[in-house]
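*Asks:* Can you read through this structure? Questions will come right after.
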Amino acid sequence: MKTMLVFAAFALSGVFCIAQSPNTLTKKEKKEGWKLLFDGKTTQGWHTYLRDTVGSKWQVKDGAIVFDPSQPAGGGGDLVTNDVYENYELDLEWKISKGGNSGIIFDVQEDPKYNATYLTGPEMQVLDNIDADDNKKQTHLAGCLYDMAGDSTVSKPHAVGEWNQVRLIQNKGHLTFWLNGIKTFDGQMGSDQWNQMVAHSKFANKAFSDFAKVSKGKIALQQHPGSSGWRNIKILVLQ
C-alpha cells in the first residue's frame, strides 16, 4: 500500500509539472512562431500612450500586468505595445474588478495629433457586465466590438475576479473575436456592413474621422474605471 501511495504521489506531481505555467510558451507554440508580449515579470515591450515610459498605475503583480487606479494621479494612460502589428492572432487573459471597465484597442496610430488610442483603434470590450456603469447598451458588453456589434447572447464573461480567455484575429482586415471560446464578432473592416456599423455608432462623429482607417497599428490595454489584470499575452504574426 505504501508503494502504491508513493507511486500515486509521483504521478500527481507529474501531472502538475505538465500543466503550462502562465506567461510561457509550449514547444509547439514556439515552433509555430508565437511570441510573448508579456514576460510575467516586467512591462518590457510596452509604454504609456504618447510617452516613453510606463505610468505608475500600470504595475506587475503576481505574474500579471495590473492597472491600479489607487496609484497617484498622473501615472495613468493606456498601455500600448512598442511594436506595430498588422496580420496576427492575439491571445490573452483578462480579469476585472467589481464594476470595472477596460478594453483591448488595436490598430492604434500613435501620433500626438490623436490624444487617445480609441480615436483610431477599434476595441474589444472588457467589462463587468453586472455592475459596471457602461452595461446599458448591448454592444458595450464584454467581448463585443465596442459600440458596433455584439450582445448578451455572445457576451459570457466569467465572474468578477476570474480570468477570461480572449482570442482576437486580424488578417487582411478581417476580424474575428472569441471570448471564453464563444465567437463574439466576425467581419471585414471597410466592408459595407462595417461602414454601416460605424455610421450607427459614436464613431460616426467627426472627432473619429480617422477611426479604423488602417488595419495595422499598435495594441493597447485601456485605462478605465476599476482595476484590470492581464496575463498570458501572446501573438502569432500571420504570413
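*Asks:* Do we have any residue at all in the range 214-234 that's farther than 30 Å from T24 by Cβ, touching a Gly at 6+ places or on another chain (Cβ under 8 Å) and surrounded by fewer than 18 Cβ atoms within 10 Å (Cβ to Cβ)?
*Replies:* Restricting attention to the range 214-234, the residues satisfying the condition of being farther than 30 Å from T24 by Cβ are 214, 225.
Right, trim to touching a Gly at 6+ places or on another chain (Cβ under 8 Å) and you get 225.
In the following step, the residues that additionally are surrounded by fewer than 18 Cβ atoms within 10 Å (Cβ to Cβ) were identified as 225.
Looking through the range 214-234, at least one residue is farther than 30 Å from T24 by Cβ, touching a Gly at 6+ places or on another chain (Cβ under 8 Å) and surrounded by fewer than 18 Cβ atoms within 10 Å (Cβ to Cβ).
*Asks:* Sticking with this structure for a sec: Would you list the strands (runs of 3 or more DSSP E) that sit entirely within the range 76-115 and hold 3 or more residues that are β-branched (V, I, T)?
*Replies:* Counting at least 3 such residues, we get 101-108.
*Asks:* Out of all the residues in the range 52-60, is one or more of a type outside the set (D, E, K, R), out of contact with any Asp or Glu (no Cβ under 9 Å at 6 or more places or on another chain) and loosely packed, with under 12 Cβ neighbours inside 10 Å?
*Replies:* Yes, there is a match, as at least one residue in the range 52-60 is of a type outside the set (D, E, K, R), out of contact with any Asp or Glu (no Cβ under 9 Å at 6 or more places or on another chain) and loosely packed, with under 12 Cβ neighbours inside 10 Å.
*Asks:* Return yes or no: is G100 modelled with pLDDT under 95 and either surrounded by 14 or more Cβ atoms within 10 Å (Cβ to Cβ) or in contact with a helix residue (DSSP H, G or I) (Cβ under 8 Å, 6 or more places away or on another chain) (or both)? Talk me through it step by step, then tell me what you get.
*Replies:* On the way: modelled with pLDDT under 95: no; either surrounded by 14 or more Cβ atoms within 10 Å (Cβ to Cβ) or in contact with a helix residue (DSSP H, G or I) (Cβ under 8 Å, 6 or more places away or on another chain) (or both): yes.
When the stated conditions are applied, G100 does not pass them.
*Asks:* I've got another one for you. For D111, indicate whether it is out of contact with any strand residue (DSSP E or B) (no Cβ under 7 Å at 6 or more places or on another chain) and modelled with pLDDT of 95 or more. Before you say what the answer is, go through the steps one by one.
*Replies:* Numbers: out of contact with any strand residue (DSSP E or B) (no Cβ under 7 Å at 6 or more places or on another chain): yes; modelled with pLDDT of 95 or more: yes.
Answer is yes for this residue.
*Asks:* Which of the residues spanning the range 116-169 are more than 20 Å from G76 (Cβ to Cβ) and hydroxyl-bearing (S, T, Y)?
*Replies:* Initially, the range 116-169 is screened for residues more than 20 Å from G76 (Cβ to Cβ), giving 122, 124, 129-131, 135-145, 147-169.
Within the range 116-169, T139, S152, T153, S155 qualify.
*Asks:* Something else: I'd like to check something: does the range 109-121 contain any residue that is more than 14 Å from R51 (Cα to Cα), out of contact with any Phe, Trp or Tyr (no Cβ under 6 Å at 6 or more places or on another chain) and crowded, with 20+ Cβ neighbours inside 10 Å?
*Replies:* Taking every residue of the range 109-121 in turn, at least one turns out to be more than 14 Å from R51 (Cα to Cα), out of contact with any Phe, Trp or Tyr (no Cβ under 6 Å at 6 or more places or on another chain) and crowded, with 20+ Cβ neighbours inside 10 Å.
*Asks:* Of everything in the range 25-51, what is touching a residue at least 12 places away in the same chain (Cβ under 8 Å) and either exposed (fewer than 11 other Cβ atoms within 10 Å of the Cβ) or over 17 Å from the mean Cα position of the chain (by Cα) (or both)? Give them in sequence order. Step through it out loud before you land on a result.
*Replies:* Filtering the range 25-51 for residues touching a residue at least 12 places away in the same chain (Cβ under 8 Å) gives 25, 29, 32-43, 45-51.
Across the range 25-51, the qualifying residues are L25, E29, E32, G33, K41, T42, L50, R51.
*Asks:* For residues in the range 61-70 being aliphatic (A, V, I, L, M) and crowded, with 21+ Cβ neighbours inside 10 Å, which is nearest to H224 (Cα to Cα)?
*Replies:* From the range 61-70, those aliphatic (A, V, I, L, M) are 64-66; that's our starting set.
Now restrict to residues that are crowded, with 21+ Cβ neighbours inside 10 Å: 64-65.
Values: A64: 17, I65: 14 Å.
Only one residue tops the list, namely I65.
*Asks:* A further question follows. Restricting the search to the range 191-225, which residues are within 29 Å of G74 (Cβ to Cβ), within 19 Å of the chain's Cα centre (by Cα) and modelled with pLDDT of 95 or more?
*Replies:* Residues of the range 191-225 that are within 29 Å of G74 (Cβ to Cβ), as a first pass: 202-203, 205, 207-208, 210-211, 217-225.
Still in the running and within 19 Å of the chain's Cα centre (by Cα): 211, 217-225.
Across the range 191-225, the qualifying residues are F211, G217, K218, I219, A220, L221, Q222, Q223.
*Asks:* What are the residue pairs meeting all of these: first residue in the range 121-149, first residue under 21 Å from A207 (Cβ atoms), second residue modelled with pLDDT of 95 or more and among the basic types (K, R), Cβ atoms under 9 Å, and 6 or more apart or on different chains?
*Replies:* G121/K218; D147/K137; D147/K202
The values are calculated or read from the model by the stated rules, or taken from the named source; none is laboratory data. Computed from a predicted model, the values in this text were never measured in an experiment. We place every Cβ from the backbone using ideal geometry, glycine too, and count neighbours over all the protein chains shown.
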